[in-house]
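The structure appears below as structure tokens.
The values are calculated or read from the model by the stated rules, or taken from the named source; none is laboratory data. Keep in mind it's a predicted model, so treat the numbers as computed, not measured. Note that each Cβ is placed from the backbone with ideal geometry, even for glycine, and that neighbours are counted across all protein chains shown. Ligands, DNA and RNA are stripped out before the accessible areas are found, and what is left, the full protein with its side chains, is counted by its heavy atoms. Shrake-Rupley method; radii C 1.70, N 1.55, O 1.52, S 1.80 Å.
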Amino acid sequence: MVYHADDMILSPVREILRGPVNDVLVCQDLRSSSRACYLLLAVHDRETAKRLLMVLQDSERGSGEEKPFLKMFTENELLCLLFPYRPDRRLDRFAQGQLVTPQSRERVCVNLVMECLSVPLPYPLLYLALEKENVHLLQDDGVYFTYSFDLSRMDESVGEGDCTDRCVQILLSLLKKHSRRQLKSFELLRKKSERGAYESLPELYRDIRISALPEHKEPMRERFRGFWQRNRDTFFRVLLRISVTVAVVALIILICQLIFGNFPLLRIFQNTFEVIGTENLTMK
């Protein structure tokens, strides 16, 4: 079957998905001299087409005329959405071999959240984009989505919190390392995720940025200064407690000296074989 969108003639060259309510095809524009390829999502179920239009219409994401698709058109009884085509390089397949340092794993996490923030997909579709077959990894650690959506799994009630939770699970799988010591970013995300604390993507982006390791090793002086800035309040509290404890002990010793003439605990430092009662054997 050939599809017509304005001045484009789209001929399918590969079928990615044949689903119960929609198909996903890689199509080639026969009117393009370069035979440019696109991803075509063709909805053949009328009820799903209505639900999809409502999701797109009610979306608060994107600004102005920015749309998540290149074109939307109809072909006979089909509702069609045209997206850019990008070859697959799935994150779950390439991450293990490519992301060999903690910095690279955290860098990809930042890029994934940035992609979630920047792509103008409504949340129900972003939730589908965060499925493993739609998240892909560039060689420079960039992240991009493809749009092979099975719309039978689309849920209109999905919001930003649901997308954030799904994104967190991907980040945790990237950051987790089978060693005794985990990354600070992993521990922060894990603890907040277990409490159900994440409600927005900007909050997740902030946490992964502030907890990530620096890309370049800082000079010793700068690291010491940063360590001091982060922990000076703790040092002050510890020093204050030690000072108070020393002052209390000194006061107790002073009072004992005034009342008893000595401090009972100091007797443990005396040689019991030289001092027996009031007799000092060393004096004889």
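Please report the accessible area of Ser59 (heavy atoms, 1.4 Å probe, ligands and nucleic acids excluded) in Å², nearest 10.
Spelled out: Ser59, probe radius 1.4 Å, area about 40 Å².
Under 5 Å between amide H atoms, partner at least 5 residues away or on a different chain: which partners does Gly159 have, H built in plane at 1.01 Å?
The list, which skips near neighbours in sequence, is empty: none.
Please list 3J(HN,Hα) in residue order for the range 118-124, calculated via the Karplus relation 6.51 cos²θ - 1.76 cosθ + 1.60 where θ = phi - 60°; whole Hz, with x for glycine and proline.
With the stated coefficients, the range 118-124 comes to 8, 6, x, 7, x, 4, x Hz.
How are the Cα pair distances of the range 98-146 distributed, in percent, across 5 Å bins from 0?
In order of increasing distance, the bins hold 5, 22, 30, 24, 12, 6, 2 percent.
Restricting attention to the range 33-107, which trypsin sites (Lys or Arg not before Pro) occupy a DSSP loop and are surrounded by at most 11 other Cβ atoms within 10 Å?
Working: sites: Arg35, Arg46, Lys50, Arg51, Arg61, Lys71, Arg89, Arg90, Arg93, Arg105, Arg107; in loops: Arg35, Arg61, Arg89.
Qualifying residues, ordered by number: Arg35.
What residues qualify as long-range amide H neighbours of Lys71, i.e. H under 5 Å apart, gap of 5 or more or another chain, H built at 1.01 Å from N?
Leu82
Within the set of other residues whose C-beta is less than 10 Å from the C-beta of Leu138, count the net charge using Lys and Arg as +1 and Asp and Glu as -1.
Working: positive: Arg86, Arg89; negative: Asp140, Asp141.
Around Leu138, the surrounding residues sum to 0.
With every protein chain present, what accessible area does Glu15 have (1.4 Å probe, heavy atoms only), rounded to the nearest 10 Å²?
Approximately 90 Å² of Glu15 is accessible to the 1.4 Å probe.
Quick one: what are the phi-derived ³J(HN,Hα) couplings along the range 41-46, Karplus 6.51/-1.76/1.60 with θ = phi - 60°, whole Hz, x for glycine and proline?
In residue order, the calculated couplings are 9, 10, 9, 10, 9, 5 Hz.
Tell me, in nm to one decimal, what length is gained between Thr74 and Arg35 on full extension, where the rule is 0.36 nm per residue of separation less the Cα-Cα distance? If you can, show how the numbers build up before the last one.
Details: separation 39, 0.36 × 39 = 14.04 nm, distance 2.18 nm.
That pair, Thr74 and Arg35, stretches by 11.9 nm at full extension.
Between the range 98-145 and the range 1-49, what's the alpha-carbon centroid distance in Å?
The distance from the Cα centre of the range 98-145 to that of the range 1-49 comes to 25 Å.
How many Å² of accessible area per residue for the range 35-78, probe 1.4 Å? All intermediate terms of the calculation are to be shown ahead of the outcome.
Details: 2860 Å² over 44 residues.
Ligands and nucleic acids excluded, the result is 65 Å² per residue.
For the range 143-155, just list the computed ³J(HN,Hα) in residue order, Karplus coefficients 6.51, -1.76 and 1.60, θ = phi - 60°, integers in Hz, with x standing in for Gly and Pro.
For the range 143-155, the Karplus-derived couplings read 10, 9, 9, 10, 10, 7, 8, 9, 6, 5, 9, 6, 10 Hz, x marking Gly and Pro.
Filter the cross-link list Lys67/Lys191; Lys67/Lys192; Lys132/Lys176 down to pairs whose alpha-carbon distance in this structure exceeds 26 Å.
Working: Lys67/Lys191 35 Å; Lys67/Lys192 32 Å; Lys132/Lys176 17 Å.
Cα-Cα > 26 Å for Lys67/Lys191; Lys67/Lys192; rest within.
Is the shape of the range 62-103 best called rounded, prolate or oblate, per the rule: a/c under 1.5 gives rounded, else a/b larger than b/c gives prolate, else oblate, with a ≥ b ≥ c the square roots of the Cα gyration tensor eigenvalues? Walk me through the intermediate numbers first.
Details: a/c = 5.30, a/b = 2.20, b/c = 2.41.
Since a/c reaches 1.5 but b/c is at least a/b, the shape of the range 62-103 is classed as oblate.
Express in Å², to the nearest 10, the accessible area of Thr74 obtained by rolling a 1.4 Å probe over the protein heavy atoms while all chains stay in place.
100
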